[in-house]
Amino acid sequence: QVQLVESGGGLVQPGGSLRLSCAVSGITIKDYRMGWFRQAPGKEREFVAGIEWIGRYTYYGDFVKGRFTISRDNAKNLVSLQMNSLEPVDTAVYYCAATNGFGYLRAVSAYNYWGQGTQVTVSS
């Protein structure tokens, strides 16, 4: 059974930082490209960041503007998202996802497996 379990979400003040983690079991992530998405209430799920198999290439949503960093540790089957300079508009549920295909990494439809999400709330 494949499981992606996100952790690290919570309440943070504007300008603060959070580090999200995604612990994966049931698959070996070295065979997968990994991504983070987010979904705010009433909005569609949107691409946040993606990373290729060994982490050589990373991709980010336009809104990230250098504030977030995605990384992976294939030995630990772990993917992380470091988020700095958080703003209230970053409030959303953040999801980790895995794909063993070659589809467009920014597309929700490209991913085979999803976690349950972790809530990030940015508020003073």
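Brief remarks follow.
- Charges were assigned to the Cβ only: +1 to each Lys and Arg, -1 to each Asp and Glu. The resulting dipole of the stretch 64-124 about its Cα centre is roughly 140 debye.
- Across 23, 97, 107, mean-square fluctuation computed from a Gaussian network of the chain (C-alpha pairs under 10 Å connected) peaks at 107.
- Remark: the chain carries 52 Å² of accessible area per residue (probe radius 1.4 Å; ligands, DNA and RNA excluded).
- Most mobile of 75, 92, 110 in a GNM of the chain (Cα contacts under 10 Å): 75
- For the chain, share of DSSP beta bridges that run antiparallel, in % to the nearest 5: 90
- The simple Förster model, with R0 at 25 Å and r as the Cβ-Cβ distance, assigns residue 123 and residue 46 a FRET efficiency of 0.80.
- Percent accessible area from carbon and sulfur atoms, the chain, protein chains only, probe 1.4 Å: 48
- Excluding same-chain neighbours fewer than eight residues apart, the lysines reachable from residue 43 by a Cα-Cα span under 25 Å are 65.
- Only Lys, Arg, Asp and Glu carry charge here, each on its Cβ (+1 for the first two, -1 for the last two); on that basis the chain has a dipole of about 180 debye about its Cα centre.
- Karplus-derived 3J(HN,Hα), 6.51/-1.76/1.60, for each residue of the stretch 65-76, Hz, glycine and proline x: 6, x, 7, 10, 9, 9, 8, 9, 10, 5, 5, 9
- The figure for residue 76 is an accessible area of roughly 150 square angstrom, using a 1.4 Å probe on the protein chains alone.
- Per-residue SASA remark: residue 45, around 70 Å² accessible (1.4 Å probe; ligands, DNA and RNA not included).
- Rg/Rh, computed from the Cα trace of the chain with Rh as the Kirkwood radius, has the value 0.94.
The values are calculated or read from the model by the stated rules, or taken from the named source; none is laboratory data. This is a predicted model, so every value here is computed, not measured. Please note: Cβ atoms are built from the backbone with ideal geometry, for glycine as well, and neighbour counts cover all protein chains shown. Side chains are part of the model used for accessible areas, which takes the heavy atoms of the whole protein and leaves out ligands, DNA and RNA. Shrake-Rupley method; radii C 1.70, N 1.55, O 1.52, S 1.80 Å.
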